[in-house]
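First comes the structure, then the notes that go with it.
The values are calculated or read from the model by the stated rules, or taken from the named source; none is laboratory data. As the structure is a computational prediction, the values presented were derived from the model and not from experiment. FYI the Cβ positions are ideal-geometry reconstructions off the backbone, even for glycines, and counts take in every protein chain you see.
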Amino acid sequence: MSNAQEVKIETGIPAPTTRTKKHPYFEALYEMAEGESFAVPLEFKKQVQRAVSWCKRTTGKSFTTKANATKIRVWRLPDESKEQ
C-alpha cells in the first residue's frame, strides 16, 4: 500500500458561489461614448488603470488617463481603427 491518502469522490455538494464584485468603472468604461470622461479619487488609481487596460483589450476601445494630486480622470478617445 502506498503512502498516498485516499480521496473520496462525492456528488451533490454545491459549488461555492464566485465573487463577482465589479467596480462601477467597468460598466462606465463600456458605456462611455467618444469624448466623454469621468473622474474618481486618486485612491482608486490602480483599480481604474486595471479596468481601462482590460476594457482596451476586450473591446478595442481607446482611452487615456491623467492623474493629479487628488483625482484620476479617464477619457474615451476615438477608436484607433476609425482614425486610419
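Assorted remarks:
- One residue alone among ARG76, ARG19 is modelled with pLDDT of 95 or more, within 18 Å of the chain's Cα centre (by Cα) and not small (Gly, Ala, Ser), and that residue is ARG76.
- Region 36-50 - residue that is touching a residue at least 24 places away in the same chain (Cβ under 8 Å) and either within 8 Å of the chain's Cα centre (by Cα) or assigned to a strand (DSSP E or B) (or both) and, of those, surrounded by the fewest Cβ atoms within 10 Å (Cβ to Cβ): PRO41
- Hey, SER53 surrounded by 10 or more Cβ atoms within 10 Å (Cβ to Cβ) and under 16 Å from PRO78 (Cβ atoms) or not: no
- Those residues of region 29-49 which are within 13 Å of THR65 (Cβ to Cβ) and in contact with a strand residue (DSSP E or B) (Cβ under 8 Å, 6 or more places away or on another chain), in sequence order: LEU29, MET32, SER37, PHE38, ALA39, VAL40, LEU42, PHE44, LYS45, VAL48, GLN49
- Meets criteria (basic (Lys, Arg) and either in contact (Cβ under 8 Å) with a residue 24 or more places away in the chain or surrounded by 14 or more Cβ atoms within 10 Å (Cβ to Cβ) (or both)) for LYS66: no
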